[in-house]
Amino acid sequence: MKHIVGILLLLVPLIACEDDYRPNPVPNTRVNKVIYLDYHSELNAVGNSKYFKDAGYHRNGIIVTRKSTNTFIAFDATCPNDVEEDNHVIIEGSFAVCPICDAKFNILIDGSPMNEKSRYPLRNLKTSYKESRNELHVYN
């Protein structure tokens with residue numbers, strides 16, 4: 001009985017923190033895009049990013065970043081602060097910046113906000129890289 005009470009006391013702070021969680025306001029829109037990297041030389045170098053239109057929420061596009069030789073990350077390009085706008089974040093070096101609210105996001109790591117303009121990160125997408133074909137699959 002002492003063990004159960006001890007475990008419950010340890011869980012109370014964890015449960016209390018869940019009130020701070022808010023889901024990403026960008027709806028999880030189906031993405032299923034194959035990118036043939038032979039045609040997108042911008043993504044040949046580690047750390048480079050590229051915007052692709054006609055995918056993601058409201059077809060605002062997606063951003064793909066080459067994180068390492070065989071690892072890519074991708075994000076929906078819809079700003080989580082301006083979800084219903086017909087606009088998308090713009091790549092500026094290692095960041096994506098919203099032209100409407102000036103929110104800044106780190107697209108080299110995880111899409112997290114880099115200034116006080118946003119409480120939410122960019123919506124992450126999954127990636128799968130086939131080195132033998134130099135082909136990237138972006139999906140959710």
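Bear in mind that the values in this text are calculations on the coordinates, not laboratory data. It should be emphasised that the depicted structure is a prediction, and the values quoted were computed from it without experimental measurement. Glycine also receives a Cβ, built like all others from the backbone with ideal geometry; neighbour counts cover every protein chain displayed.
The set of residues from region 64-107 being of a type in the set (A, V, I, L, M, F, W, C) and closer than 13 Å to residue 43 by Cβ comprises 64, 72, 73, 74, 91, 107. Annotation for region 105-114: at least one member residue is surrounded by fewer than 20 Cβ atoms within 10 Å (Cβ to Cβ), hydroxyl-bearing (Ser, Thr, Tyr), assigned to a loop (DSSP other than H, G, I, E, B) and under 10 Å from the mean Cα position of the chain (by Cα). Of everything in region 74-104 that is under 29 Å from residue 131 (Cβ atoms) and in contact with a Lys or Arg (Cβ under 7 Å, 6 or more places away or on another chain), the residue that is surrounded by the fewest Cβ atoms within 10 Å (Cβ to Cβ) is 95. Scanning region 57-67 turns up no residue that is of a type outside the set (Ser, Thr, Tyr), surrounded by fewer than 17 Cβ atoms within 10 Å (Cβ to Cβ), in contact with a helix residue (DSSP H, G or I) (Cβ under 8 Å, 6 or more places away or on another chain) and farther than 18 Å from residue 115 by Cβ. For residue 87, the requirement of being over 15 Å from residue 24 (Cβ atoms), polar (S, T, N, Q) and outside any strand (DSSP E or B) is met. Among the residues here, residue 71 does not qualify as under 22 Å from residue 133 (Cβ atoms) and touching a helix residue (DSSP H, G or I) at 6+ places or on another chain (Cβ under 9 Å).
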